[in-house]
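Let me begin by presenting the structure, written as structure tokens, before commenting on it.
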Number of protein chains: 2
Amino acid sequence: MQKASLPKGTRDFSPDVLKRRNKIISVITKVYARYGFEPLQTPAVENLSTLTGKYGEEGDKLLFKILNSGNFLTDVKQEQLSEALENPNSLVPMIAGKGLRYDLTIPFARFVVQNRNDLQFPFKRYQIQPVWRADRPQKGRYREFWQCDADVIGTKSLLCEAEFIKVYHEVFTVLKLANYEIKINHRKILESIALTLEFDGNLTHLTVAIDKLDKIGWEGVRKELLSKGMRENQVSDLKELLIKSPLNSSVIDSLEHKLKPCEQTTEGINALREIISLLDSSQNTFNIQLDLSLARGLDYYTGCIFEATIHGASVGSVSGGGRYDDLTGVFGMPDVSGVGISFGLDRLYDVMQEAQLFSKSEGPTASMLLCHFDKITQKRCISIADSLRTNDISVEVYPDHKNLRKQLDYANKRGYSYVGVIGESELEDEVIQVKDMRSGEQKNMNLNTLTQLLK
Amino acid sequence: MQKASLPKGTRDFSPDVLKRRNKIISVITKVYARYGFEPLQTPAVENLSTLTGKYGEEGDKLLFKILNSGNFLTDVKQEQLSEALENPNSLVPMIAGKGLRYDLTIPFARFVVQNRNDLQFPFKRYQIQPVWRADRPQKGRYREFWQCDADVIGTKSLLCEAEFIKVYHEVFTVLKLANYEIKINHRKILESIALTLEFDGNLTHLTVAIDKLDKIGWEGVRKELLSKGMRENQVSDLKELLIKSPLNSSVIDSLEHKLKPCEQTTEGINALREIISLLDSSQNTFNIQLDLSLARGLDYYTGCIFEATIHGASVGSVSGGGRYDDLTGVFGMPDVSGVGISFGLDRLYDVMQEAQLFSKSEGPTASMLLCHFDKITQKRCISIADSLRTNDISVEVYPDHKNLRKQLDYANKRGYSYVGVIGESELEDEVIQVKDMRSGEQKNMNLNTLTQLLK
């Protein structure tokens with residue numbers, strides 16, 4: 001006999017939890033659809049060559065790799081096996097050709113390239129599916145988790161960025177997470193900062209360091225930058241530049257004056273100005289913070305970058321995204337600009353759970369349990385159930401012939417609001433005894449009245 | 001540069017295909033819910049120990065195994081590696097501890113055992129998720145495909161079987177697959193047949209052989225049975241016994257007379273009689289065939305077995321299922337009876353596609369594309385879109401400033417029924433020029449009228 005267990009970092013979603021998750025998914029889906037995004041799904045399993053090298057060295061380590069089926073050592077030689085003992089990674093390409101998807105963006109890029117001739121551009125798609133990472137599991141971090149992505153590919157229009165801000169606002173408003181904050185930055189402004197500081201080191205070193213500001217504080221960032229060759233005066237100038245402020249025209253104006261006039265400055269500043277302009281006719285107020293310390297790790301971002309957080313929540317960001325000018329280039333389709341965002345379903349769930357935004361129990365799927373005393377009364381329950389179901393009412397007939405107390409006990413534990421009981425007298429009078437499980441009240445009604453009650 | 005490609009046997013689901021698949025899922029979900037089934041999801045990744053040994057020797061070979069992360073050869077010794085060259089399977093348990101789920105039934109059993117103290121029995125759940133098998137891909141057979149399962153666990157009541165027949169009827173009726181056929185049989189009747197024939201060989205040999213009747217014909221079955229030790233006269237008696245007939249009381253009566261009176265006969269015959277009785281009050285006519293050659297391979301079935309097919313479809317069955325008396329025993333929870341069915345989503349899709357039950361194109365998600373001439377008219381489009389979206393109308397604003405012909409061309413190729421155009425005069429008159437893309441008709445309307453039109 002073996003113990004029933006799950007791999008670490010993976011979870012079952014029981015009915016109550018799944019109903020809540022599906023509600024979140026349904027809100028996000030509805031908002032994405034409202035903006036004209038089309039649904040897409042890609043397989044969980046991708047060729048490893050599609051995934052490898054797309055998420056940095058660290059990402060490659062976190063890919064789940066699938067052992068080739070059949071005799072997976074067919075093409076492996078004795079000396080290659082011996083070498084593998086020293087360096088196991090050398091064996092991987094020989095025995096594992098496939099892996100589990102790590103995010104939804106690279107599979108989307110792969111899809112676009114494969115179907116370029118059948119797609120109309122700009123192509124707007126949303127995709128809500130699980131992804132897998134061999135990360136060390138901890139609170140809020142799972143090895144199998146769900147992302148809810150939307151991307152537009154094939155246009156450089158900043159209307160896309162503006163619409164994503166509206167999508168954020170609508171999703172968070174419907175989810176009652178009104179205390180959201182959208183952080184925004186632009187990669188060209190980060191480049192412009194490096195130029196302004198006359199920092200001639202690696203831009204990635206700069207962005208990686210300031211991206212950690214939240215976690216390691218300014219002192220930590222300072223040390224890291226010094227170690228990467230930045231001078232002390234550059235570091236203090238940088239500190240002055242990394243403003244965080246609500247996004248509006250005046251903060252953009254003042255920022256423009258602080259940055260070295262150059263192509264990068266112009267591009268970044270103009271983009272932010274246009275986004276402000278595209279949003280200004282809206283009835284809604286968007287909580288957008290210009291946060292120049294927002295860098296986002298992924299190398300493929302080239303324009304605007306986003307991050308959404310919920311004030312007071314113990315988890316970090318619940319969504320991120322940005323614009324990439326050459327996501328599909330690696331698959332042979334260069335110079336196609338795109339922009340996208342991704343909600344972390346599990347993070348959103350955790351935040352809403354923490355903020356007690358879910359009801360205590362979702363209750364059973366069916367609106368009523370029908371109880372009985374014997375075969376004959378059960379048969380009447382079955383007829384009643386048939387009729388209710390024809391009216392699209394979900395109903396459960398207790399399957400076994402157990403005493404009524406046991407059936408009511410089951411109804412109670414399942415959280416049923418209503419129970420219908422058919423005994424000998426109800427059978428004769430052609431009525432149903434309906435019990436309100438909260439008030440304890442009970443009354444007889446005919447099938448029509450019951451149908452109206454449950455509809 | 002690498003070629004964008006997918007592993008064989010896997011597929012992307014483009015918007016049109018996915019919308020159709022989601023419609024099928026939504027029909028099945030609705031019917032399952034109407035019968036009181038609760039939703040459940042389990043992770044794609046299970047411990048290999050949970051999966052191995054549950055699907056027969058052939059099934060074990062078809063499991064996708066996931067390479068342990070990090071240094072997967074840590075605990076492997078040189079001589080074990082050398083041995084692996086002869087016998088690769090010996091290496092698997094050392095380097096792969098996890099696998100992709102092969103079906104939804106075993107994960108469900110694992111879930112039930114793990115959560116036995118929190119669940120109310122009978123527990124009715126449905127589960128609609130992909131599964132993976134390293135099968136040789138061919139028409140209608142994929143390596144990643146979707147199952148739509150429902151099971152009741154914790155009751156022996158035959159009401160469950162009767163309700164599954166109703167579920168079949170409702171799902172197929174809504175999907176316009178009225179030419180369905182539900183085949184039914186009972187494992188105890190198969191046992192009773194063996195006893196009646198005085199066949200003292202292995203019952204599995206008998207069931208495996210007759211299960212192939214559709215594929216290899218009677219001559220093939222005969223040969224296989226003779227090779228398994230059945231005598232020629234037993235084979236011809238068997239042929240007489242393997243009736244196929246609409247399920248009704250008289251066919252059960254006559255079958256009972258042909259079978260040896262014994263415990264198995266009584267149990268099987270009584271079960272079928274009760275199912276007939278539980279269905280007889282229904283308004284619907286169910287197309288149920290008693291098919292004694294239906295055996296279904298999986299060893300865990302112990303009671304009724306089902307298979308559903310669509311007449312005239314080129315694929316085989318679209319659903320199967322049955323009762324198992326000890327599915328959870330292997331995980332340490334013995335003697336819990338359950339019964340379930342599973343629709344193959346991909347098969348259903350293929351059958352409906354073949355029968356041309358889908359519209360030519362699903363059309364775009366948004367109901368209108370808004371077109372414009374410049375920044376100012378685009379801004380008016382954005383306001384209109386904001387207002388329409390507040391009324392829960394999906395709408396797309398063309399993101400770029402391209403000439404109108406290009407925008408209309410995009411609308412056309414995307415299959416939009418309506419396009420709204422804002423030019424200088426529309427801006428001035430505060431109207432929208434609405435083009436009906438099929439009739440070519442166009443008229444100006446104000447925002448209120450447009451909202452009513454699209455609602």
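Values quoted throughout were computed directly from the atomic coordinates according to the rules given, and no laboratory measurement underlies them. Model, not experiment: these values are computed from the prediction. Neighbour counts run over all protein chains shown; Cβ positions are idealised from the backbone, glycine included.
Worth pointing out:
- Candidate lysines for bridging to A:Lys77, where Cα separation is under 19 Å - those fewer than 8 sequence places away on the same chain excluded: B:Lys77
- With the charge dipole of region A:109-197 set up from +1 on Lys and Arg Cβ and -1 on Asp and Glu Cβ about the Cα centre, the Cα lying farthest toward the positive end among the listed residues A:Leu195, A:Phe164, A:Ala150 is that of A:Leu195.
- Per residue of peptide A:272-285, the mean number of Cβ atoms on other chains within 10 Å of the residue Cβ is 2.
- Local electrostatic count at A:Gly268 - Lys and Arg +1, Asp and Glu -1, tallied over other residues with Cβ under 13 Å: 0
- Gyration tensor (Cα) of region A:152-241, equivalent ellipsoid semi-axes in angstrom: 32, 18, 10
- 3J(HN,Hα) from dihedral phi, region A:386-402, Karplus parametrisation 6.51/-1.76/1.60, rounded to Hz, x for glycine, proline: 3, 5, 4, 5, 4, 8, 6, 9, 7, 8, 10, 9, 4, x, 9, 8, 10
- Length added when fully stretched, B:Gln442-B:Asp392, from 0.36 nm per residue minus Cα-Cα: 15.6 nm
- Only one residue of B:Gly329, B:Gln378, B:Phe123 has its Cα farthest out toward the positive end of the dipole of chain B, where Lys and Arg carry +1 and Asp and Glu -1 on Cβ, and that residue is B:Gln378.
- In summary, the aspartates and glutamates within cross-link reach of B:Lys375, defined as a Cα separation below 14 angstrom excluding same-chain residues under 8 places away, comprise A:Glu274, A:Asp280, B:Asp400, B:Glu424.
- The angle between the Cα long axis of helix B:263-279 and the longest principal axis of the Cα atoms of chain B comes to about 30 degrees, rounded to the nearest 10.
- Debye-sum result for region B:2-44 in log10 I(q)/I(0), which assumes one identical scatterer on each alpha carbon, at q = 0.21, 0.25 Å⁻¹: -0.88, -0.96
- With Rh defined as the Kirkwood radius, the inverse of the mean 1/r over Cα pairs, the Rg/Rh of region B:190-299 is 0.99.
- Using the average count of surrounding beta-carbon atoms within 10 Å as a protection proxy, the listed peptides B:299-311, B:403-415 rank, highest first, as B:299-311, B:403-415.
- Per residue of A:9-16, other chain Cβ atoms within 10 Å of the residue Cβ number 6 on average.
- For the listed residue pairs A:Lys124/B:Lys139; A:Lys23/A:Lys98; B:Lys3/B:Lys139; A:Lys124/A:Lys215, the alpha carbons are over 26 angstrom apart in A:Lys124/B:Lys139; A:Lys23/A:Lys98; A:Lys124/A:Lys215.
- When each of A:His186, A:His257 is scored by the number of other beta-carbon atoms lying within 10 Å, the sequence from fewest to most is A:His257, A:His186.
- Dipole in debye (nearest 20) - region A:121-170, about Cα centre, beta carbon charges: Lys, Arg +1; Asp, Glu -1: 260 debye
- Positive dipole terminus of region B:1-141, leading residue within B:Asn89, B:Ser49, B:Ser26 (C-beta point charges): B:Ser26
- Between 0 and 90 degrees, the angle of helix A:345-354 with respect to the longest Cα principal axis of chain A falls at about 70 degrees.
- One chain, two ends: B:Asp374 and B:Glu86. Fully extended at 0.36 nm per residue, the span grows by 96.6 nm beyond their Cα-Cα distance.
- Region A:175-181 - phi-based ³J(HN,Hα) in whole Hz, Karplus 6.51/-1.76/1.60, Gly and Pro as x: 7, 6, 9, 5, 8, 7, 9
- For A:Gly332, the point set 7 Å out from Cα toward Cβ sits 5.3 nm from its twins in the other copies, listed from shortest up.
- Nearest-ten-degree value, helix B:159-174 long axis tilted from longest Cα axis of chain B: 40 degrees
- Kirkwood Rh, angstrom, region B:62-188 [1 / mean 1/r, Cα pairs]: 18.7 Å
- Expressed as a whole percent, the proportion of Cα-Cα pairs in the protein assembly as shown lying more than 53 Å apart is 24%.
- Region B:326-405, dipole about Cα centre (Lys/Arg Cβ +1, Asp/Glu Cβ -1), debye to the nearest 20: 780 debye
- For region A:356-455, the fraction of alpha-carbon pairs lying more than 25 Å apart is 13 percent, rounded to a whole number.
- Other residues whose C-beta falls under 13 angstrom from the C-beta of A:Glu430 contribute a net charge of -3, scoring Lys and Arg +1 and Asp and Glu -1.
- Relative to the compact-globule estimate of 2.2 N^0.38 Å, the Cα radius of gyration of region A:279-391 comes out at 1.92.
- Over 20 Å (Cα to Cα) - which of B:Lys30/B:Lys166; A:Lys30/A:Lys244; B:Lys54/B:Lys183; B:Lys8/B:Lys54 fall in this group: A:Lys30/A:Lys244; B:Lys54/B:Lys183; B:Lys8/B:Lys54
- For a label point 7 Å along the Cα-to-beta-carbon line of B:Gln2, residues of region A:100-139 with backbone N under 16 Å: A:100-114
- Label sites at B:Glu263 and B:Asp299, each approximated as a point 7 angstrom past Cα along Cα to Cβ, lie 2.1 nm apart.
- Within region A:219-281, the proportion of Cα pairs with more than 19 Å between them is 46 percent.
- Residue-averaged beta-carbon neighbours from other chains (10 angstrom radius) around A:397-403: 5
- Annotation note: trypsin sites (Lys or Arg not before Pro) in region A:135-220 located in DSSP loop regions with a Cβ neighbour count of at most 12 within 10 Å are A:Lys139, A:Lys176.
- Taking 15 Å as the straight-line reach from the Cα of A:Lys176, the aspartates and glutamates in range (excluding those fewer than 8 positions away in the same chain) are A:Asp350, A:Glu354.
- In a simple Cβ point-charge model (Lys, Arg +1; Asp, Glu -1; nothing else charged), region B:397-448 has a dipole of about 460 debye relative to its Cα centre.
- P(r) for chain B, from all Cα pairs and a bin width of 10 Å, is 4, 16, 21, 21, 15, 11, 8, 3, 1, 0 %, short bins first.
- Amide N of region B:276-291 lying under 12 Å from the label point, which is placed 7 angstrom from the Cα of B:Ile243 along Cα→Cβ: B:290-291
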